[in-house]
Every structure is written in structure tokens, then in C-alpha cells.
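Input: a single structure, listed below in C-alpha cells.
Here, each number is a calculation from the coordinates, and none is a lab measurement. It should be emphasised that the depicted structure is a prediction, and the values quoted were computed from it without experimental measurement. Cβ atoms come from the backbone with ideal geometry, glycine included; neighbour counts cover every protein chain shown.
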Amino acid sequence: MRINWHLATAIPFLLLGAPWAALGCVLPDLGWIPNELRFRLSGIQDWEEWTRHELPSRWTLGYWLLHSTLLLTLLLVALWHHPIARQILAGCLLHQLLDLPTHHGVMAQQPLFPFSWRWK
């Protein structure tokens, strides 16, 4: 799922007065921004080739933490009835639901990273 689609899912939340949920719609992808810049500046046209040869696993750490550990943390905080955490969690869960069927390869979801498995 491209960030522009996640931005589009944030718009209804903004219109409904739930800015924290809108933030949650894009928050998990913030850890990927440095990698996107590296890819675009690399001169390599094929994204799959770039990920196989130019993407060290340490560069994906932020992405995985924001796609998994952030959700677990927000869930725990939301359980204590924190309204902002609940809104961010709602946006992040929507983000994850959209990512599950669209991500593969290096981007395949690892819901409980670093204690996890990959979706098949």
C-alpha cells in the first residue's frame, strides 16, 4: 500500500474531528521514509532489485518497530482508556489491515516483531 492511499484513509478521520486517528493512518510508514529516499537517490530503477542488493536489514528496523511494537504499545495504553491512544490505535489498525494483502517480500508484515513470524 502506498503512502498516498494511507493519507487518503486519514482524510475521513480529519473530517470527523479525529486528528489522532488520522495520524495513526500514516504513522507506521514514517520509519520507511529514509529507505524510500535511499532508493530514489540510488539510481536503481527496479525496487525489488534494490531491496535484494542495497537494503541492509538494519535499515528496516524502524519500519518493523512502527508496524508492530507500536501497535502493541498503543493497545496497552488504550486498555487504560486513554482516548488519544485509542484514536491512534484505530488509525494504525486500519493501516495494518490495508497492508496485509498488499505487502510481500521485504515488506511482508511481521505483526509481533521482533518476537514474530512473517505472514505467508
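In whole angstrom, how long is each semi-axis of the equivalent ellipsoid of the chain, when you take the square root of 5 times every eigenvalue of its Cα gyration tensor and sort them from largest down?
27, 17, 11
Restricting to Cα pairs below 8 Å that are 6+ residues apart, what does the relative contact order work out to for region 10-120? Please round to a whole percent.
33
In nm, to one decimal, how far is the modelled label at residue 36 from the one at residue 54, with both set 7 Å along Cα→Cβ?
So the two model labels end up 1.6 nm from each other.
In units of 2.2 N^0.38 Å, what is the alpha-carbon radius of gyration of region 1-64?
Compactness ratio reported: 1.35.
Note the angle between two axes, namely the Cα long axis of helix 33-42 and the longest principal axis of the Cα atoms of the chain, as a number of degrees from 0 to 90, rounded to the nearest 10.
20
Taking only Cα atoms, what is the 0 to 90° angle, nearest 10, from helix 70-79's long axis to the longest principal axis of the chain?
Tilt relative to the chain: about 10 degrees.
Note the angle between two axes, namely the Cα long axis of helix 83-99 and the longest principal axis of the Cα atoms of the chain, as a number of degrees from 0 to 90, rounded to the nearest 10.
40
Taking the beta-carbon count within 10 Å as an exposure proxy, list 25, 92 from fewest neighbours to most.
Least to most surrounded, the residues fall as 92, 25.
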